[in-house]
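A quick write-up on the structure given underneath.
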Amino acid sequence: TGKIETKRTLAVKGKKIINAYKGYVQPKNATAKIINLKDKFVLPELIDVHKKQKFDVKKWLNTRKIKSEVNALKAIQTATITAAKLLGKESEIGQLQVGFYANIIAVNDNPLQNIQTLEKLVFVMKE
């Protein structure tokens, strides 16, 4: 959906998200890796379709004039769900959904209000 999630606890088993909770939850599944991101803005890892690898965020931001929340959301969707579709992997990557790969980034501030915050990642998980 291209949403940026806040106040999340993710349960990861193997390489995939097995559950996503609002707020902080101590899940009963002791075999899952618990990722507490209750005070962060969480989104799927940004994908460079041309290189099929992680984005060079600074270069990407410098080539775009992103001045509103709508433009920021479209830019993030382009680098997540749209990129996943172009790679034919829309059922595996590009969203924070149960069953998707746990390729996650998190930042302290809302990237819709200031997209430059994507240059200051505080959490990265690549499964």
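The values are calculated or read from the model by the stated rules, or taken from the named source; none is laboratory data. In this text, all values refer to a predicted model and were calculated from it rather than measured experimentally. All Cβ positions, glycine included, derive from the backbone under ideal geometry; neighbour counts span all protein chains shown.
Observations on the structure shown:
- Looking across the range 1-19, the residues that are out of contact with any Lys or Arg (no Cβ under 6 Å at 6 or more places or on another chain) and modelled with pLDDT under 85 come down to THR1, GLY2, LYS3, ILE4, GLU5, THR6, ARG8.
- The helices (runs of 4 or more DSSP H) found entirely in the range 39-127 that carry 2 or more residues being modelled with pLDDT of 85 or more are 69-77, 83-86.
- Residue count for the range 93-116, restricted to those that are over 24 Å from ILE18 (Cβ atoms) and in contact (Cβ under 8 Å) with a residue 60 or more places away in the chain: 5
Yes or no, residue by residue, for (1) among the hydroxyl-bearing types (Ser, Thr, Tyr); (2) surrounded by fewer than 18 Cβ atoms within 10 Å (Cβ to Cβ); (3) over 15 Å from VAL42 (Cβ atoms):
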{"residue": "THR78", "(1), (2), (3)": "yes, yes, yes"}
{"residue": "LYS85", "(1), (2), (3)": "no, yes, yes"}
{"residue": "GLY88", "(1), (2), (3)": "no, yes, yes"}
{"residue": "GLU92", "(1), (2), (3)": "no, yes, yes"}
{"residue": "GLN97", "(1), (2), (3)": "no, yes, no"}
{"residue": "ASN103", "(1), (2), (3)": "no, no, no"}
{"residue": "ASN110", "(1), (2), (3)": "no, yes, no"}
{"residue": "GLN116", "(1), (2), (3)": "no, yes, yes"}
{"residue": "LYS126", "(1), (2), (3)": "no, yes, no"}
